[in-house]
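Down below is the structure, laid out as structure tokens.
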Amino acid sequence: MVDDGDDRAGRDPAPAVTRAIRLLGLLADARHPLTLTEIASELALAKSSTANLCLALESARMIERVAAGYRLGMRTAELGGAFASQFTQIRELYTVCEASPVLADELVQMAILDGCDTLYLARYEGAHSARLGAPLGSRLPAALTGAGRALLMRLDDAEVTALLADAAPFPALTEHSTRDLDGLLARLDAARARGWALDEEESTVGIVGVAVAVEGWAPGDPRFGLGVGIPVGEAVPERIARVGAALQQAAHALTNPFSSAVAEAR
């Protein structure tokens, strides 16, 4: 006799929800509209079932129909913004950057660690910043970005290895990208000694990233990577050091004064 609990564990508890999530992910990854036929083929569903699924998501504004097919709807942007704005540090990012004589002129981004990736959630574009950087909601390998390394440097080498061993060799996003775990660990050691992480054209050609970590505000909140992108022609050691120090000050301003991290630092 089969135990009902074991049977339930092997079944999808909400197949319709799972299909809807897969459809949204499919449209997000495609980055262009997909036809009903293309969606049905990718999801391995009948066109009639796919049409009903699209109709339900369209009525909820999660997707929208255009001449070329279906694409993500405006409600997904609202949800993304709501996810980011629930964190105190993201709500305060703009105020903290504007108050900084250094960061007020820079492109500043905030990201979290999502598995092996850096997921970008917010950005501040200073008065004289380069209009570059990762789009909001995009992800890059944490091993290659300044923000990702700022988060990884808060882990010990064993934790970094456990997290990223299966991801190595890392992708060659540029000719400067670190490909192996030993090379990454060496860069994280240097970052810990320096106080901030560097990405020297390893994720984006022409951009040097400088970043620090910001502790979560409340229990259960993630750490954030707080970083600045500097055009490589302007990334002289003096400016990098100045930006690194300003980011450390900003991270302090964005840290809950009553958090355990602050108490440990004292």
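Nothing in this text is a laboratory measurement; each read-out follows from the coordinates by a stated rule. Treat the numbers as computed from the prediction; the structure is a model and nothing was measured. Heads up, the Cβs are rebuilt from the backbone with ideal geometry, glycines too, and the neighbour counts pull from every protein chain shown.
General observations
- Within the listed set G216, G80, G25, the Gaussian network model of the chain (springs between alpha-carbon atoms below 10 Å) gives the highest mean-square fluctuation for G25.
- Charge context of G209, other residues only, Cβ under 14 angstrom, K/R +1, D/E -1: -1
- Pairs of alpha carbons in segment 1-102 whose separation is greater than 18 Å (percent): 60
- For segment 140-266, the Kirkwood estimate of the hydrodynamic radius, built from every pair of different alpha carbons, is 14.9 Å.
- When the alpha carbon gyration tensor of segment 42-184 is reduced to an equivalent ellipsoid, its three semi-axes come out at 33, 24, 14 angstrom, largest first.
- Rounded to 10°, Cα long-axis angle of helix 88-99 versus longest principal axis of the chain: 40
- Dipole of segment 128-266, positive direction: furthest Cα of L254, G195, I207, with charges on the beta-carbon: L254
- The chain, dipole about Cα centre (Lys/Arg Cβ +1, Asp/Glu Cβ -1), debye to the nearest 20: 740
- Remark: segment 1-117 carries a charge dipole of roughly 580 debye about the Cα centre, counting +1 on each Lys and Arg Cβ and -1 on each Asp and Glu Cβ.
- Between A122 and M110, the built amide H atoms are under 5 Å apart, and every one of these is 5 or more places off in sequence or on another chain.
- Normalised by the number of residues in the chain, the average gap of Cα pairs under 8 Å and 6 or more apart makes the relative contact order 15 percent.
- Highest-first arrangement of 218-226, 103-111, where packing means the average Cβ count within 10 Å: 103-111, 218-226
- q = 0.09, 0.11 Å⁻¹, the chain: log10 I(q)/I(0) [Debye, one scatterer per Cα]: -0.51, -0.73
- In the chain, the calculated helix contribution to ellipticity at 222 nm averages -13500 deg cm²/dmol per residue, counting -39,500 (n - 2.57) for every DSSP H run with n ≥ 4.
- Charge sum, other residues only, whose C-beta stays under 15 Å from V96's C-beta, Lys/Arg counted +1 and Asp/Glu -1: -4
- 0 to 90° range, to nearest 10: angle between helix 47-59 axis and the chain longest Cα axis: 50
- Positive-end residue of A134, N52, A168, charge dipole of segment 44-190 with Cβ unit charges: N52
- Principal axis dimensions, segment 69-118 - Cα atoms, whole angstrom, descending: 47, 26, 22
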